[in-house]
Amino acid sequence: MREVQALRTAYTLLEPLNPEDRQHALAWVNAMLGTRSLTPEHTATAVRIMKEPHLSYDLMACRVSLMALGVLRGDARERSVRWLMEVLLR
């Protein structure tokens, strides 16, 4: 059930983004979850999310998606990220 809730949260937040922002958000979440290596751009996004008092919608979507998916364990996390990438980036 937790996996479904995490997927629903991430999908609901990321789906309204334009394709370029959606791709960046998914790449960032992937990197922050440890499934990809962090790039300088990913690090800059993380710093902005931590420092800015008022987040734009795309940064808020990244933050909350990471929080939702971060509670999942190994296989469920990988499966969820794979599903989101397949559905949101096609």
Qualifying positions in the stretch 29-52 - open to solvent by 50 Å² or more (accessible area, probe 1.4 Å) and touching a Leu at 6+ places or on another chain (Cβ under 9 Å): Met32, Arg48, Glu52
Unique residue being touching a residue at least 60 places away in the same chain (Cβ under 8 Å), open to solvent by less than 70 Å² (accessible area, probe 1.4 Å) and not acidic (Asp, Glu) when the list is Leu26, Leu55, Leu13, Leu66: Leu26
Matching residues in the stretch 38-64 - criterion: being over 13 Å from Ala27 (Cβ atoms), of a type outside the set (Asp, Glu) and outside any helix (DSSP H, G or I): Pro53, His54, Leu55, Ser56
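Right, Leu7: part of a helix (DSSP H, G or I), of a type in the set (A, V, I, L, M) and out of contact with any His (no Cβ under 9 Å at 6 or more places or on another chain) or not?
yes
The values are calculated or read from the model by the stated rules, or taken from the named source; none is laboratory data. Here the structure is a predicted model, which is why all the values come from computation and not from measurement. So basically every Cβ, Gly included, is an ideal-geometry build from the backbone, and we count neighbours across all protein chains shown. Accessible surface is based on the protein model in full, side chains and every heavy atom, while ligands, DNA and RNA are left aside. Shrake-Rupley method; radii C 1.70, N 1.55, O 1.52, S 1.80 Å.
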